[in-house]
Structures are given as C-alpha cells and as structure tokens.
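Bear in mind that the values in this text are calculations on the coordinates, not laboratory data. Only a predicted model underlies this, so the values are computations on that prediction, with no experimental measurement involved. Cβ sites come from the backbone with ideal geometry, for glycine too, and all protein chains shown count toward neighbours.
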Amino acid sequence: MKLNTNSNVYTIVYATIVVIVVAVLLALAHMGLKDTQDEKVKLDQQKQMLVALRYDLKNCPNPAATYEELVVDTLQMTEDNEKANIIRFHLPDGATKYVLRLHGAGLWGGIGGYIAMDEDKNTIYGINFNHESETPGLGALIVEEPFRKQFEGKQIRNEAGKMVSIAVMKQGKTCEAGEKYQVDAVSGATITSTGVSDMLHENLCTEYADFLKVEPKTEEE
C-alpha cells in the first residue's frame, strides 16, 4: 500500500520520529560533553577565586595549577555538595585567607562572586563579582577592578565587634565615621549596587555568621 505523504497521520508520525531522534542525539551529545563542561565550570570558579585573592590572570598562565598550589581545604559545601562555600588558602607569603562564595540578585538576573577574608575573619583581602545580565557600562561595572578595589582592607565588624557587612553607598554619601564599612556605588546603577550591598549583608551577616564569628579571647590567652 502506497503511503499517503500528504495525510495528517503521516505528518504527525514523521514529526514525532524526528523529534525523538533529535532528542536522543542531544542527550547523547550532552552526556558526551558533560565532563568537559564540568571542567570548564570548575576552572571558571577557580579563576574567580584567584581574582578574589588578588591574582592577575593575565600573568597567571596556568590558573588551575596555581589554584592547587594555594588551596588547603574546603571548610563548607552547599547542601547539595555542588559548590564550595568556604575554602581555605595559604598564599606564598604564608598568610591564610578564607574565600567565601557570594550569591544574590541584581537588576536583570543573579549576581555572585567570591570574597577573600584575612585570617582575622574581619578584614576583606579581596573580592570578585560576576553577573548574569547587568547593563553594560552600568551595573556590569561591578566586575571591574576600580569597583572591586574599594573593598580591599574594609572591615565587616564595627568597633564594638558587631557584624555590619559592607554598605554600597551612593557616591558622596559615604562618611568618615563609616569609612571602614562603606564603598561607593556604581554611578547610574542604583539597583545593581543595592543588590551587591544586600547580597553582602545577607551572605556575611546570615549565611556565614557562624563561621565569621570570632570568639572573645580569655584572660589566659
């Protein structure tokens, strides 16, 4: 019996077979490339952490090897064990640094990054941000060095020892009294800047509060 290629049944069956074949091919391709994709994601995370540790990737020919030389251990993972939340590093000068993963929301999508803390768990050594889709030339400037550089040396606890995080303030609104705990926002990117400020407060003062808590020294110490 000759097939009626103009019938609705033929069209539906043909389309179904094509969809199934394409789906199988895509699934096989995904499985075949998964290891490579995972390695790329891992390398990207390592690069971001190195930037937070003030490494210039332009002068770092093998970021993965550099990362392995510096990393000591992972102190905390996410609940699904997919991402490292807190990692300890020893720098070439012998200093210990803790790198904490950051995650929050910007204007058009998620923002995140890594913050490197000194061993005192109070002083920021360096920071790196990433974003999914912030406005080029405005919110996207959070990834640039001039914005990130402001955080170096800032402190997340006030003189009384209370956790205050780092406030991202509209330019001209920072004050001498809060100089240690404030940085200038990106001009023209209020929502993204507020998102960074909120992210830091939520992550440092809530999610990592127990880790960053410093026990008071006893008289014997």
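Output the pairs from Lys97/Lys170; Lys162/Lys213; Lys42/Lys154 with a Cα-Cα distance over 19 Å in this structure; if there are none, say none.
Over 19 Å apart, Cα to Cα: Lys97/Lys170; Lys42/Lys154.
Using θ = phi - 60° and the Karplus form 6.51 cos²θ - 1.76 cosθ + 1.60, what ³J(HN,Hα) does each residue of segment 202-211 get, whole Hz, x for Gly and Pro?
5, 5, 6, 8, 10, 5, 9, 4, 5, 5
Under 16 Å from a point placed 7 Å out from the Cα of Ile191 along the Cα-to-Cβ direction: which residues of segment 139-156 have their backbone N that close?
The answer is 139-142.
Extension gain Val21-Ala160, at 0.36 nm per residue separation less the Cα-Cα distance, in nm?
Computed gain between Val21 and Ala160 is 43.5 nm.
Would you order Leu75, Leu28, Leu102 from fewest to most other beta-carbon atoms within 10 Å of each residue's own beta-carbon?
Leu28, Leu75, Leu102
With r defined as the distance between the Cβ atoms of Gln76 and Ser7 and R0 fixed at 45 Å, what FRET efficiency is calculated, to the nearest 0.05?
0.15
Using amide H atoms built 1.01 Å from N in the peptide plane, name the residues 5+ places from Leu75, or on other chains, whose amide H lies under 5 Å from its own.
Ile86, Ile87, Arg88
Go through segment 119-126 residue by residue and turn each phi into a ³J(HN,Hα) via Karplus (6.51, -1.76, 1.60, θ = phi - 60°); whole Hz please, and just put x for glycine and proline.
5, 6, 6, 10, 9, 7, 8, x
Going by amide H atoms built from the backbone, whose H comes under 5 Å of the H on Gln182, apart from near neighbours?
Close amide H contacts, sequence-distant or interchain: Ala167.
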